[in-house]
Structures are given as C-alpha cells and as structure tokens.
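Worksheet for the structure shown next.
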Amino acid sequence: MSRSLIVDYSPFSITKQQINESRSSNGGRLIVSGVLQRAEVKNHNKRVYPKEILMREANRYQEELVKQKRALGELDHPDSPTVNLNNVSHNIIKMWWEGNALMGDVHVLTTPAGKILEELFLNNVQVGISSRGVGSVKEVFSESGGQISQIQDDFELIAFDFVSNPSTHGAFMSPVNESKLIQDINPSLTKAHSIVNSIICDMGTTCSCKF
C-alpha cells in the first residue's frame, strides 16, 4: 500500500473581541484556540482517523515539535511534506483532547504570512485549520454500511496549516480567487484576496491591487 500526502480540514474562526482579549492577556501575542482534528468521525473527504493512530501521532508531535517550540504551520498547503519557513504563519503551542477532538492553542506569528492570517481574522474571513501528513488509506465499510477511507497505521503527522477551504466538522478556530464563478460560490474568497493584496502593497512589494 503506497503512502501519499494526506490533508484534511477543519473550520477555525475568531472575532475581533477575542483577538483584543487574546492580545491583552498574552502580552500582545495573538493566540487562538480550536479543534485541530477529530478522531473516529467521517470528515468531508470521507476519511476517518482511528483515535489510536491520531493519538499516537499527536503525542509524537507534542514531544518532538510542540515542546521544542517548532510546531510550525503554513498559510495554505504546499504540495510537499516539508514545512517551508518562508511561508510560516503560526506555531502550535499547546494540544489536548476533549473526547475525540484534538484541540490546540495556536500562536499567530508576526511573519508576513502571519500578518495576512491576522488580517483575515480581523475581517471575519472564515478559514480552516488543516492537518498535513503522509500515509496510506484503506477503503472499508462502516458499521452503518457506508464506505469510508480509513487512515492506516503508517500515517505520520507533519503539520497543521491554515487554509481557505475547510473540511473536518467543527474546526473553524475561535479568536482566493478572482474569478466570478468562485465569487458566486464563496464571496469570502474574493474578500480574502483583497486583504492579501492590501497587505502585500503595504509591505512595499510590487503588486496590482485591483479590488
């Protein structure tokens, strides 16, 4: 069974009030909290993470990355199992379980990608937190008789990234495209694109800001 890149999404949202409260109580740092991933539940990709496997990888991630303050993630998924430091937007600083939900505290960094992420939050643009890993899946039948893709024991968790298209149930966190078709389907993506263009222009980078 071949291993491949596996990504799954969860909604993650935060209000301006939560952002202000976070900064006030965390020495100016923006820290958001929410669901990182869920076990034993079919997500929008019809994949299920057995809790034993997800718990094993969460424990390893906690020991090897979170405790060493290098549980970094990117803004949007790359097509790679490697975290690109040029696009890092946040750092996972704490993880814990609530039932089958893997929860996390996420420090939004002051990197260029982190500033874009913060502006998206401030403008009420809904983004998702997405797990990225490498492994294989197996098609099995659930107890209800439906077919699902079950994550296998060779799964390795790599990172949690912020993305525009969430897919795990209930994981929008608490504090882009220009085409008309995309705007009709999801107007928030056009708003997100405008915010990103604005930030890039403010940084003095050459751009064509047509909002």
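Every number here is computed from the coordinates shown, using simple stated rules; none is lab data. This is a predicted model, so every value here is computed, not measured. For neighbour counting, all protein chains shown are included, and Cβ atoms are generated from backbone atoms with ideal geometry for every residue, glycine included.
Below, the figures for the structure above:
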read-out: Exposure proxy ranking, count of Cβ atoms within 10 Å, fewest first, for H44, H90, H77; value: H44, H77, H90
read-out: Simple spin-label estimate for K16 and N59 in nanometres, 7 Å along Cα-Cβ; value: 4.5 nm
read-out: The stretch 92-98 - phi-based ³J(HN,Hα) in whole Hz, Karplus 6.51/-1.76/1.60, Gly and Pro as x; value: 6, 10, 7, 9, 7, 9, 10
read-out: Fraction of antiparallel bridges per DSSP, the stretch 38-165 only, in percent to nearest 5; value: 90 percent
read-out: GluC sites (Glu not before Pro) restricted to DSSP loop in the stretch 102-145 with at most 13 other C-beta within 10 Å; value: E143
read-out: Highest to lowest packing among 64-70, 80-86, scored as the average C-beta count within 10 Å; value: 64-70, 80-86
read-out: In sequence order, calculated HN-Hα J values of the stretch 60-76 (Karplus, 6.51, -1.76, 1.60; Hz; x Gly/Pro); value: 5, 4, 4, 6, 8, 10, 4, 5, 9, 6, 9, 8, 7, x, 10, 8, 6
read-out: V163, V106 arranged by Cβ crowding within 10 Å, fewest neighbours leading; value: V163, V106
read-out: Amide hydrogen neighbours beyond the local backbone of H90, cut-off 5 Å, H modeled; value: G73, L109
read-out: Estimated FRET transfer efficiency (N123, K67; beta-carbon r; R0 30 Å; 0.05); value: 0.35
read-out: Gain upon complete extension [E143, T82; 0.36 nm per residue less C-alpha separation]; value: 18.4 nm
read-out: Which of D79, D161, D8, D153 has the fewest Cβ neighbours within 10 Å, and the rest in rising order; value: D79, D153, D8, D161
